[in-house]
Structures are given as C-alpha cells and as structure tokens.
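The values are calculated or read from the model by the stated rules, or taken from the named source; none is laboratory data. Everything quoted here is computed from the prediction, not taken from an experiment. Using ideal geometry, Cβ is built from the backbone for each residue, glycine included, and neighbour counts are taken over all protein chains shown.
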Amino acid sequence: MKTENCTYEMPDELLMRVIKIEYLRLLRIWRRNRADIQSCLCGGLSMLAALAFASCGSGGGAPPVPAEAYRSSPNATLAAGDDINVTFSGAPEMNVKQKIQANGKVSLPVVGDVAAAGKSMTGFQEQLASLYQPHLQDSNVIVSRENAAAGVYVSGEVLRPGKVLLDRPMTALEAVMEAGGFTKMANPKQVFVVRNQGGKNQRYVLNMNDALSGIESRPFYMRSYDVIYVKQSNW
C-alpha cells in the first residue's frame, strides 16, 4: 500500500494575519509590563525625594553643635605649609623665615629641625625658648605666622566658592562673607558644616538667617579644613 506524505501550505495572506496577531499580543504584554515598571520606579523615586526633603528640612538628623564650636581659638595651631617668622630678641642675626615642611618640621639655627605642626604659637614659642636657653643669654623667641596654609572650603550658593584661608579666628558667617556672601538663590537657614572629628565626618546644620536678621545668636567658629555648604532655597 502506497502512502503519500501530505503537506499543508498556509496561504501567504493567512500567514501574515497570524504574524500580525502574535506581534500585537507581544506588544500589549511589553507595554503592560513597561507601565508596571515605570509605575514602580516613579513611586520609588517619589518616596526617596520625599524622604530626602523631609531629612533636609529637619536638619537630616544632624548632631547638636558641640560647645567647643562656639569658642574662639586665638592660638590656632600651626600646620604644614604655614610661613612663619622666628625672631630672637637676644640674637637678631638669627632671625629666620621658614615654611613648615610636609613632615611638620622647621629647620632653625643651632638646634636644627624642630617639630612645629600641630602646636599653638604660644606653645611653640615656649618650646623654642627652652631649646635655646643653653645657647643664648636672652632665649626669648617670638613666633608669628605670615601666611596660613590651612583653610576652610566654602561651596554651594555663595558668589566665590573655594578655599578661605584660616589666618585668624573666623566664624562660619565670616567665612561665607569671605567667599563673596550668599547668592540670591541661597537659603541662609540651611548651611551645613562638615568637620572631621576623631577620624569621622560630622555634619552640623546652621541657621545664619538669625544673625543676618539682627537676632542674637551664638557664632560658630571654624576649624582647619572645615567644609561649608550653603543649600539652595526651595522657592
């Protein structure tokens, strides 16, 4: 008995209709899934934005300002890169101008290298007086800083963002003014100060609007390498 293989050929018009139906079905699935994904993303981003706004508005859980930040530091410590003058009352021919080296030391007549970085001006003077006492009848030494290498960094909504030299006791408001003052878009109520304490960055939130409005407020004094960021106003 002879058998024949029967094959069925789908007409071209019917084949195109099948392809079109399948294409439309897949397109609907893709669109539906895309809408679900976009909905989830938009919802998640909205929630994150709301949380961020609430965090900024409440100070972001920033720690309270420590009492020492309200105290001036007239005897600011010396730092690498500072230019200092060392004056000898009893031996003016030994007077020198020195830049504190990267290792924190200065090279002085007779006594050689002496560590200076991290010491107050008064403390360093007393140390030098002690070192020179065996060598000079008048061992009185005066140390003055000509140029300070250390500074604070001001950014955000200020006219001249950048480094401000910390060559004197300086408040956060004074540092902002040294950077040109606030822009029109600044929010003086939201000024962040980032300070490295014990190897960790701490962020403090300052409201400078009180001082600008004539309301009595306590000044926040800067320390070497503090970072100030002035937030943009929300309106």
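Only one residue in GLU126, GLU157, GLU93 is in the same structural domain as ALA186 (by TED's automatic domain parsing) and either free of Cβ contacts under 8 Å to residues at least 60 places away in the same chain or buried (at least 16 other Cβ atoms within 10 Å of the Cβ) (or both), so which one is that?
Working: GLU126 fails: in the same structural domain as ALA186 (by TED's automatic domain parsing); GLU93 fails: in the same structural domain as ALA186 (by TED's automatic domain parsing).
Of GLU126, GLU157, GLU93, the one residue that is in the same structural domain as ALA186 (by TED's automatic domain parsing) and either free of Cβ contacts under 8 Å to residues at least 60 places away in the same chain or buried (at least 16 other Cβ atoms within 10 Å of the Cβ) (or both) is GLU157.
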**OP:** Specify the residue that is surrounded by the fewest Cβ atoms within 10 Å (Cβ to Cβ); the eligible residues are those in region 199-225 that are part of a loop (DSSP other than H, G, I, E, B), modelled with pLDDT of 90 or more and not hydrophobic (A, V, I, L, M, F, W, C).
**Re:** ASN207
Subject >> Output for region 105-136, where each listed residue is within 15 Å of THR77 (Cβ to Cβ), out of contact with any Lys or Arg (no Cβ under 9 Å at 6 or more places or on another chain) and part of a loop (DSSP other than H, G, I, E, B) >> reply: GLY118, LYS119
Subject >> Complete set of residues in region 59-79 that are loosely packed, with under 15 Cβ neighbours inside 10 Å, at pLDDT 65 or above and under 20 Å from the mean Cα position of the chain (by Cα) >> reply: PRO63, PRO64, PRO66, GLU68, TYR70
Subject >> Selected residue (criterion: modelled with the lowest pLDDT) from residues of region 80-102 that are among the polar types (S, T, N, Q) and part of a loop (DSSP other than H, G, I, E, B) >> reply: SER89
Subject >> Restricting region 199-235 to residues that are free of Cβ contacts under 8 Å to residues at least 12 places away in the same chain and among the hydrophobic types (A, V, I, L, M, F, W, C), the residue that is farthest from LYS119 (Cα to Cα) >> reply: TRP235
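LYS119 - would you say it is at pLDDT 90 or above, in contact with a strand residue (DSSP E or B) (Cβ under 9 Å, 6 or more places away or on another chain), within 15 Å of VAL143 (Cβ to Cβ) and not hydroxyl-bearing (Ser, Thr, Tyr)?
Numbers: at pLDDT 90 or above: no; in contact with a strand residue (DSSP E or B) (Cβ under 9 Å, 6 or more places away or on another chain): yes; within 15 Å of VAL143 (Cβ to Cβ): yes; not hydroxyl-bearing (Ser, Thr, Tyr): yes.
No; evaluated as a whole, the condition is false for this residue.
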Original post:
So, in region 182-198, of the ones that are without any contact (Cβ under 8 Å) to a residue 24 or more places away in the chain and in a loop (DSSP other than H, G, I, E, B), which residue ends up surrounded by the most Cβ atoms within 10 Å (Cβ to Cβ)?
Top reply: LYS184
